[in-house]
Each structure stands twice: as structure tokens, then as C-alpha cells.
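Encoded as C-alpha cells, the structure appears first; notes follow it.
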Amino acid sequence: MSEQAPNEARVIPLRRAVQRPAAVRPGTTRPPSERPAPARPSTAPGTAAPPAAAPREPLWRDLVGDVLRRERLAQERTLKDVADAARISMPYLSEVERGRKEASSEVLAAAARALGLGLGDLLTLVQTELTRVTSRRVPPSGRGRTGSPYDGLCLAA
């Protein structure tokens, strides 16, 4: 007589179980303390660690949003007030300010006008912010300061 196999299957996991974070409602963000850390590639024992990644360039939409929000708050105006004056929806302007949406030139010009700025003024402020943010970084070897305050960056409106 043969011995029968138990009625249970043996499960061999292919990878470790990953604990899923709690669900977040769409449109909301977690505080930085609760955001998962980006995955880092592991290295085999006895091998050198990969070189540190170069700092990321700032995104244009983040810089534009920061400038728009800073200008609006400096004028002590509400999001609704500026959105109405620019004839764009308040949720859309909010997303542009938070760097979630890439605004068209028409939307940027309307938002700038609503804040009493021209599109050129807005772009100049964004360029100044870009220079400020990127000037904290060490230039790559072989490239020193040129003496120019613009460091080869020119924006034209």
C-alpha cells in the first residue's frame, strides 16, 4: 500500500513578503516622515558600493510653483482670488503651485498677470530661483566659475 500525500500544498515563496503601507487617499500626500525610503541597490559582500548619485536637477514645474506661491503669499492674496483673476480653476492653480501640474505658457501668463507680473518677470524670478538652488552644488571637475553671473543659463520670454 502506498502512503497518500497530505491534502496541503507546500508553498515556497519566490521573494520575501513586503509589508504594504497603509492606503493613502488619492490627492493626498504623506508627511515626509511617513514616506517610504527609495530602494537602494544592494551590493554583494566584498564589492565596492556604487558611486553616490549626482544631485537631481530641480524640476521646472517645482520652481515655477514655488515662485507663484511665494508671490501670491507676499501679496497676501488667497488662492481663490488669484485663480479668479487669472480665470483658471482654483484646484488647477493649487496643483501648479505644488508642482503637480506642468502649466502651459498661457496659464503661466494668466497667473503672472493676476499677480501683477509679466510673463518675463515670472521667468526671471524662476531663473533666479534656479540659480539659487543649483549654486549650492559643487561644479563638476574641470569646470570652474566663468565669472559670468549667469553661468551659461539664459531664459528668454
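General remarks:
- In nm, spacing of pseudo-spin labels at E57 and R100 (7 Å Cα→C-beta vector): 2.6 nm
- Computed with a 1.4 Å probe over protein heavy atoms only, the accessible area of D81 comes to about 70 Å².
- Other residues within the sphere of radius under 14 Å centred on the Cβ of E97, judged by their own Cβ, net out at +2 (K and R +1, D and E -1).
The values are calculated or read from the model by the stated rules, or taken from the named source; none is laboratory data. Just so you know, these numbers come straight off a predicted model, no measurement behind them. Backbone-built Cβ (ideal geometry, glycine too); neighbour counts: all protein chains shown. With ligands, DNA and RNA removed, areas are computed over all heavy atoms of the protein, side chains included. Shrake-Rupley method; radii C 1.70, N 1.55, O 1.52, S 1.80 Å.
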